[in-house]
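Some notes on the structure that comes next.
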């Protein structure tokens, strides 16, 4: 059985990542500098320079990348940016008005520039992914969860209604319950979780979106 089928069709397994103090960014990182990909002027314009801070870069496993629409290469990354303005961030947390930006891009190392660095986060690497039965994974603390089913903080329909109506389904959860000691001076999502969604059709995914985030 393929990993894609386990994660996104049957949703019987998921991949879990943890934060660790390391300079090995094979799986990605949280905090610190954004990927060097965002040093180019075109991407700076897309982020409305000064309006966003970098949160996380995740290197997608090859089998996940291969299943997404637009193909892509092994090692493609997802980078997450959050608004600098707290009112914008907290008042726009549900699709289609979620202000969090998620951008898919080619693999890139951390930039030498601190242009988008979040002052409340100290850079930590992401561990290698651990494949785990989803039922067991839902009982674990984790920083990132790919596939399986989301572990919602508030299981209320208004968070997912627009997403489901437009054919999106759960893709990735980033959960602040999985922060390592010393990672954060503040909880970016109010000690909560961010949920990324994708459209799934015939084994492939459409563009990814920031679905919503919840806090406890």
Query raised in the report: Within the stretch 139-159, whose backbone N sits under 18 Å from a point 7 Å along Cα→Cβ of residue 5?
Result: 147-148
**Report entry** Mean separation of Cα contacts under 8 Å, 6 or more apart, over the residue count of the chain: relative contact order %
**Finding:** 28
Query - Cβ-based exposure ranking for 135, 122, in which fewest neighbours within 10 Å come first - result: 135, 122
Report task. Give the shape of the chain as rounded, prolate or oblate, defined through the alpha-carbon gyration tensor: a ≥ b ≥ c are the square roots of its eigenvalues, a/c under 1.5 means rounded, and otherwise the shape is prolate if a/b is larger than b/c and oblate if not. Result -> rounded
Report task. Just report the Cα centroid separation between the stretch 1-39 and the stretch 127-144, whole Å. Result -> 12
Query raised in the report: Sorted from fewest to most neighbouring beta carbons within 10 Å, what does the list 152, 196 look like?
Result: 152, 196
Requested in this report: Take 5, 145 and order them by how many other Cβ atoms sit within 10 Å, fewest up front.
Outcome: 5, 145
Report task. Let me have the 222 nm mean residue ellipticity of the chain computed from DSSP H runs of 4+ only, each contributing -39500 (n - 2.57), with the sum over all residues rounded to the nearest 500. Result -> -2500 deg cm²/dmol
Query - Cα gyration tensor, the stretch 114-216 - rounded (a/c under 1.5), prolate or oblate - result: prolate
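Every read-out reported here was derived from the displayed coordinates using simple, explicitly stated rules and does not represent laboratory data. Quantities reported herein were computed from a predicted structural model and do not represent experimental measurements. For neighbour counting, all protein chains shown are included, and Cβ atoms are generated from backbone atoms with ideal geometry for every residue, glycine included.
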